[in-house]
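Take a look at the structure below.
The values are calculated or read from the model by the stated rules, or taken from the named source; none is laboratory data. Remember, it's a predicted structure, so these values are computed and weren't measured experimentally. Backbone-built Cβ (ideal geometry, glycine too); neighbour counts: all protein chains shown.
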Amino acid sequence: MKEKLLRLKKEYEDMEHCLVKALDLVDNKEYGEGKLEIVRMILKDIDELLKAE
């Protein structure tokens, strides 16, 4: 289970990195910022699950 969580965390960290870069390129940042917030909430949840593991 821990291995799967770590893989998932890596995928979401990559997604966060890409969203941050994309936000630098667009004018309408509100939509992207909402998506970035969701990704960060998921990362926080994954960290909590890893701590409980």
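Summary of values
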| item | result |
| --- | --- |
| Close pairs from the range 33-53: first basic (Lys, Arg), partner part of a helix (DSSP H, G or I), Cβ under 7 Å, at least 6 apart | 35/19; 40/16 |
| Top-ranked residue in the chain [being of a type in the set (A, V, I, L, M) and not in a helix (DSSP H, G or I); ranked as surrounded by the most Cβ atoms within 10 Å (Cβ to Cβ)] | 26 |
| Breaking point among (1) in contact with a Phe, Trp or Tyr (Cβ under 8 Å, 6 or more places away or on another chain); (2) at pLDDT below 95, for residue 1 | (1) |
